[in-house]
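The values are calculated or read from the model by the stated rules, or taken from the named source; none is laboratory data. What you see is a predicted model, and the numbers here were worked out from it, not measured in a lab. Here Cβ is always computed from backbone atoms with ideal geometry, including for glycine, and neighbour counts include all displayed protein chains. When the accessible area is computed, the model is the full protein with side chains, heavy atoms only, and any ligands, DNA or RNA have been set aside. Shrake-Rupley method; radii C 1.70, N 1.55, O 1.52, S 1.80 Å.
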Amino acid sequence: MKISWLAILLGVAALAYTALFLSLSSEPFTDAPNHLARAAVMESLWFDSHSPFQGKFSASHVFMPYMLPDLGLVLLIRTLGFERACPVWSTLTMLVLVLAVWAYARQMLTTRWAIGAAVLCSWYFATNYLFILGFFSFQWGVAAAFLALAAREARREISEAARSRRSRFQRTVKTPVFTRAGGKGVYIVACVCCYGAHLACFAMLATITGVTGVVRTLRKEQTWARFAADWSPFVGLAAYHVLVLRAQVPSATIARSTLKDKFGHFIEAFFVRQNYVVDRSILVLFCLIVVYAMWRRRIDIGRHWELATTCGLAATIYFALPFGLAGISYVDERSLPFFFIPLLILALRIFEESQPGKQVGGLILACALLAAANFGSLAWFLPAQNREAALYKEALLTIPPGKNVLPVDTRQRSGNTYPLRHVGSFYVAERGGYVPYLFSQANASGPAGYFTDLSTIYRPSQDWYLNHAEADWDKVTQAYDYVVVTTPWEGGRVDLRGLELYYQNSVATVFRVRR
């Protein structure tokens, strides 16, 4: 296949995915509206002396994990305004992992067509299940981790090239993405960004860098001084985390999966998003690409030990970790991108070293088909969920500004996602009001210690309706001005004695509390 056709495929994929995500203006990504609203509150508190959120929320300026993506979002909101910033941010969060996979592939692979194949497959990684759930900070952390790994590999190749020039025996070393100074700078910045984006990604990056660095040193591929230099950012950031932030390991409840579920989730949890039949079929295609690239080819593990070790570490960590920890779900699945992305790169590296000839065309076609099928799956369910989220926002915006609003989520998951769970958070950002469920330690919904909900208002569990619990409606009518309930809902579960109908559409019903 000619390079020009590969470039056309890459360009079409980039345009199609970017256009799709820019069109999703109502953010049908489960947690995303909550993060967006929280960033809007932070922007208001920091830059508006008359912020309506004073006394309701507080936001620290101290740099800590999970904070960096919110800082980027604050900057975007100040630049574009909240409404425009929302689709731009979700699109950038998708694109950043594609760029990180390109940088990693560019450093680990040799041929243009192999790098192009990796980029075509990267759209599949970038729209994974955790991204659809709105785990945007995690996606930025993964991207920073793979950028750090690419920069580290570039520094190693530059050192190899220097040793080769001094040696009597010249070796062919491919041109790295970064210069020596640039690679070092990018590596340090990427490590800091990884720490600031997500602590789980930082821990994975530190583990991969530490284990592979020790093996490299024992194999005499680098010196102990180079290992110390590579690991110094992790030592410094860990010291900052413990000594400056005084972070402690909290006592935590643990939720474990059965062994059967553990193996099943290992294969498909990162990729199955909405329709199980469609998404599993796409996953089969991805697995066939990996198998085809390695089938009946000479595999020299000694040449590819680092990629194989990275996959092995990620798999080991996945099976060692529980599913839930301290109220946080999908803990074990945070290691899966560090398995599947290196696995693809390993397969492509084996394939390109086998001198495949005309088989390259078949591989590129399969990767293009993967990108197209994945796009079709996303285009099938995301616009529909976006329309429902837009109707929910329409109901919210009928409520006057500055009110206390209680969202009640009555819907079971849509396929494998929950597109309306946090859409009520938009009322905070767009009307300057209050809802009790912005992620904060006050409602035990995440480790982001830089943001605090100061209110002592009565707040029933966000999942009380779905978990067949009951809310105290006397306290609700005393604390809140409006109640927004997704449809359908059971009349016996919502006490209407203190409520009156205010607005209704096909997605949400707004009640005003009688005073």
In the set LEU92, LEU10, the lone residue that is open to solvent by 40 Å² or more (accessible area, probe 1.4 Å) and either over 24 Å from GLY134 (Cα atoms) or among the polar types (S, T, N, Q) (or both) is LEU10
Subset of segment 24-62, residues open to solvent by less than 60 Å² (accessible area, probe 1.4 Å) and farther than 27 Å from ASN404 by Cβ, comes to LEU24
Quick count over segment 146-177, residues being modelled with pLDDT of 60 or more and either more than 22 Å from ALA14 (Cα to Cα) or of a type in the set (Phe, Trp, Tyr) (or both), is 14
Check: Got at least one residue in segment 50-68 being in a helix (DSSP H, G or I) and either touching a helix residue (DSSP H, G or I) at 6+ places or on another chain (Cβ under 6 Å) or of a type in the set (A, V, I, L, M, F, W, C) (or both)?
Finding: yes
With the first residue restricted to segment 470-481 and required to be within 15 Å of THR456 (Cα to Cα), and the second required to be of a type in the set (Ser, Thr, Tyr) and surrounded by fewer than 18 Cβ atoms within 10 Å (Cβ to Cβ), Cβ contacts under 6 Å at 6 or more apart or on different chains are LYS475/TYR458; ALA479/TYR458
With the condition kept exactly as written, say whether any residue in segment 228-236 is acidic (Asp, Glu), at pLDDT 90 or above, touching a Gly at 6+ places or on another chain (Cβ under 7 Å) and surrounded by 12 or more Cβ atoms within 10 Å (Cβ to Cβ).
yes
Given (1) at pLDDT 95 or above; (2) open to solvent by less than 60 Å² (accessible area, probe 1.4 Å); (3) assigned to a loop (DSSP other than H, G, I, E, B); (4) of a type outside the set (Gly, Ala, Ser), VAL485 misses just (3)
Scanning segment 274-291 residue by residue, those among the aromatic types (Phe, Trp, Tyr) and surrounded by 15 or more Cβ atoms within 10 Å (Cβ to Cβ) turn out to be PHE286
Review point. Does SER455 qualify as being assigned to a loop (DSSP other than H, G, I, E, B), farther than 29 Å from ASN128 by Cα and either of a type outside the set (Ser, Thr, Tyr) or under 31 Å from the mean Cα position of the chain (by Cα) (or both)?
Key: yes
Residue set VAL214, VAL291, VAL284, VAL272; condition within 22 Å of CYS311 (Cα to Cα), of a type in the set (A, V, I, L, M) and not in a helix (DSSP H, G or I); output residue VAL272
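Okay, residues lined up against (1) in contact with a Gly (Cβ under 7 Å, 6 or more places away or on another chain); (2) among the polar types (S, T, N, Q); (3) open to solvent by 60 Å² or more (accessible area, probe 1.4 Å):
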| residue | (1), (2), (3) |
| --- | --- |
| SER414 | no, yes, no |
| VAL435 | yes, no, no |
| LEU454 | yes, no, yes |
| ARG459 | no, no, no |
Subset of segment 292-301, residues open to solvent by 40 Å² or more (accessible area, probe 1.4 Å) and at negative phi, comes to TYR292, MET294, TRP295, ARG297, ARG298, ILE299, ASP300, ILE301
Residue pairs qualifying under the 7 Å Cβ cut-off, at least six apart or on distinct chains, with the first in segment 89-111 being outside any helix (DSSP H, G or I) and the second being open to solvent by less than 10 Å² (accessible area, probe 1.4 Å), are LEU109/ALA118; LEU109/ILE345; LEU109/LEU348
| query | Would segment 256-268 turn up any residue that is in contact with a strand residue (DSSP E or B) (Cβ under 9 Å, 6 or more places away or on another chain), open to solvent by 50 Å² or more (accessible area, probe 1.4 Å), touching a residue at least 24 places away in the same chain (Cβ under 8 Å) and more than 17 Å from MET108 (Cβ to Cβ)? | reply | yes
Checked segment 461-471 for anything surrounded by 13 or more Cβ atoms within 10 Å (Cβ to Cβ) and more than 18 Å from LEU396 (Cα to Cα); matches are SER461, TRP464, TYR465, LEU466, ALA471
Checked ARG512, ARG497 against criteria (open to solvent by 70 Å² or more (accessible area, probe 1.4 Å) and either assigned to a strand (DSSP E or B) or at positive phi (or both)); the one match is ARG512
Check your understanding: Is there a residue in segment 377-386 that is of a type outside the set (A, V, I, L, M, F, W, C) and under 26 Å from TYR482 (Cα atoms)?
Key -> yes
Apart from one, (1) over 23 Å from the mean Cα position of the chain (by Cα); (2) closer than 30 Å to GLN355 by Cβ; (3) not acidic (Asp, Glu) all hold for THR258; the odd one out is (2)
Test: LEU71 is exposed (fewer than 14 other Cβ atoms within 10 Å of the Cβ), closer than 30 Å to VAL119 by Cα and out of contact with any helix residue (DSSP H, G or I) (no Cβ under 6 Å at 6 or more places or on another chain)
no
Of the residues in segment 109-122, those that are more than 18 Å from GLY362 (Cα to Cα) and either open to solvent by 10 Å² or more (accessible area, probe 1.4 Å) or in contact with a Cys (Cβ under 8 Å, 6 or more places away or on another chain) (or both) come to THR110
- Message: I'd like to check something: does segment 186-197 contain any residue that is modelled with pLDDT under 95, surrounded by fewer than 24 Cβ atoms within 10 Å (Cβ to Cβ), touching a Gly at 6+ places or on another chain (Cβ under 8 Å) and in a helix (DSSP H, G or I)?
- Response: no
- Do we have any residue at all in segment 452-470 that's farther than 30 Å from MET67 by Cβ, modelled with pLDDT of 95 or more, touching a Ser or Thr at 6+ places or on another chain (Cβ under 7 Å) and not aromatic (Phe, Trp, Tyr)? no
Scanning segment 309-334 for residues that are of a type in the set (Gly, Ala, Ser) and at pLDDT below 95, the one least open to solvent (accessible area, probe 1.4 Å) turns out to be GLY324
Within segment 500-509, of all residues that are surrounded by 16 or more Cβ atoms within 10 Å (Cβ to Cβ) and within 31 Å of the chain's Cα centre (by Cα), the one farthest from ASN404 (Cα to Cα) is VAL507
